[in-house]
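Structure first, commentary second.
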Amino acid sequence: MSTEEDKLLVRIAEMYYQEDKNQNQISKELNIHRSTISRLLKRSRNEGIVNISINYDKAGSYHIEKELQEKFGLRKAIIVPAANDLSRGQKDLLLADGLDSYLKEIIADDMIIGFSWGETMSAIPSGLTDHHASNILCVPMIGGPSGRLSSDFHVNTITYEASKKLNGRALLIDSPAFPETVSLKKALMENEFNQELITYWRRIDIAILGIGSPSLKASESWKQFYGEDVLAYLEGKKVIGDVVSRFYNIAGEHIENELDERLIGIDGTDLKRAAYRIGVAESVEKADSIAAALKGDYINVLVTTEETAKEVLKR
């Protein structure tokens, strides 16, 4: 290549990368066709005149996200920056913001979005912004609590508040997650409203899930949601975690139990039909539960903190 050609490559690269001129502007100034400019820019990179490097340290958690995605076959891992000394509530708000950023990439008109219950889930509506998608339907994926759960953590509250933020509509549920008997569940599920919910559960596009952990079952929210009889039943069942009250073991395998027959909530098969199953959870204590949920393919997108992600990768 001649010196003149070298000079031209350098000049075009200089105009594009240092002077921030677009290809049309360069084309006009040098009187060279735009397609030629594009070809010469590519050539300047190939020949080492221009070296482009990515500073991954700026992303901080990029490598951890990539490792999570590769190890567990995820569509996406989102790690939010959160100092270890932040409160639970502050971390939950950061998770909500991380979720919102990802939803901007995937949300579209006419989608059905399902929600589960819980303390972390209760922070999600506050982090949502208008995504300019129309005809969004938000639905609960499980019935209500057996006890007196805080209304902020109730699936109906979360679903309704999320629908307002997304300029969508909400369909709420008026049945407990665990009716006292199988026959009562059957009677409740025969009504037209719950039949409509089942139809929507089978068509959910995005499922947004909290991840439960038996290691935290002494918490008030677990007691208030499940009631003492359900918690007693779970003792000794090798439960490592749950999503929408579908319980699984350390390998992510569903644990068959009589509660399945009473549960009013989305079926595991229907859940796994959703294209995006987004688990939103953090805490080192939940690392086993989160990892097992990933292994069991209950979730294929994870929103968490760096501290939690590092522990999950050890599992």
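Rule-based calculations on the coordinates, nothing more; no lab input. Keep in mind it's a predicted model, so treat the numbers as computed, not measured. Using ideal geometry, Cβ is built from the backbone for each residue, glycine included, and neighbour counts are taken over all protein chains shown.
Observations, loosely collected:
- Taking other C-beta atoms within 10 Å as the exposure proxy, LEU166, LEU99 rank LEU99, LEU166 from fewest upward.
- Note on ALA275 and ASN249: with the Förster distance fixed at 22 Å, the Cβ-Cβ geometry gives a FRET efficiency of about 0.30.
- The angle between the Cα long axis of helix 155-165 and the main principal axis of the chain comes to about 30°, on a 0 to 90 degree scale.
- Shape annotation for the range 68-215: C-alpha extents along the principal axes are 48, 38, 32 Å, from largest to smallest.
- Added length on full extension, which subtracts the Cα-Cα distance from 0.36 nm per residue, ARG45 to ILE32: 2.8 nm
- Remark: the chain is approximated by an ellipsoid whose semi-axes, taken from the C-alpha gyration tensor as √(5λ), come to 48, 22, 16 Å, largest first.
- The share of alpha-carbon pairs in the range 3-46 lying farther apart than 14 Å comes to 39%.
- Net charge dipole, the chain: roughly 840 debye, given to the nearest 20, about the Cα centre with Cβ charges of +1 for Lys and Arg and -1 for Asp and Glu.
- In this structure, GLU190 and SER151 have a Cβ-Cβ separation that, at R0 = 25 Å, corresponds to a calculated FRET efficiency of about 0.35.
- Ranked list, fewest to most other Cβ atoms within 10 Å of each Cβ, for SER44, SER38, SER87: SER87, SER38, SER44
- Span from the the range 83-138 Cα centroid across to the the range 181-197 one, whole angstrom: 29
- Share, in percent, of DSSP beta bridges within the range 56-313 that are antiparallel, nearest 5: 20
- Cut-off 10 Å between beta-carbons: net charge of the residues surrounding SER126, Lys and Arg +1, Asp and Glu -1: -3
- 0 to 90° range, to nearest 10: angle between helix 62-72 axis and the chain longest Cα axis: 50
- Here the calculated FRET efficiency for GLU70 and SER126, from their Cβ-Cβ distance with R0 = 41 Å, stands at 0.80, rounded to the nearest 0.05.
- From its DSSP helices (H runs of at least four residues, each -39,500 (n - 2.57)), the chain gives a residue-normalised ellipticity at 222 nm of -12500 deg cm²/dmol.
- Charge dipole (debye, nearest 20) of the range 71-133; +1 at Cβ of Lys and Arg, -1 at Cβ of Asp and Glu: 340
- Helix axis angle, 192-201 relative to the chain longest principal axis, alpha carbon, degrees: 40
- Placing a pseudo-label 7 Å from each Cα along the Cα-to-Cβ vector at TYR62 and LYS237 gives an inter-label distance of 4.4 nm.
- Two-site label geometry, GLU256 and THR199: point separation in nm, points 7 Å out along Cα→Cβ: 3.2
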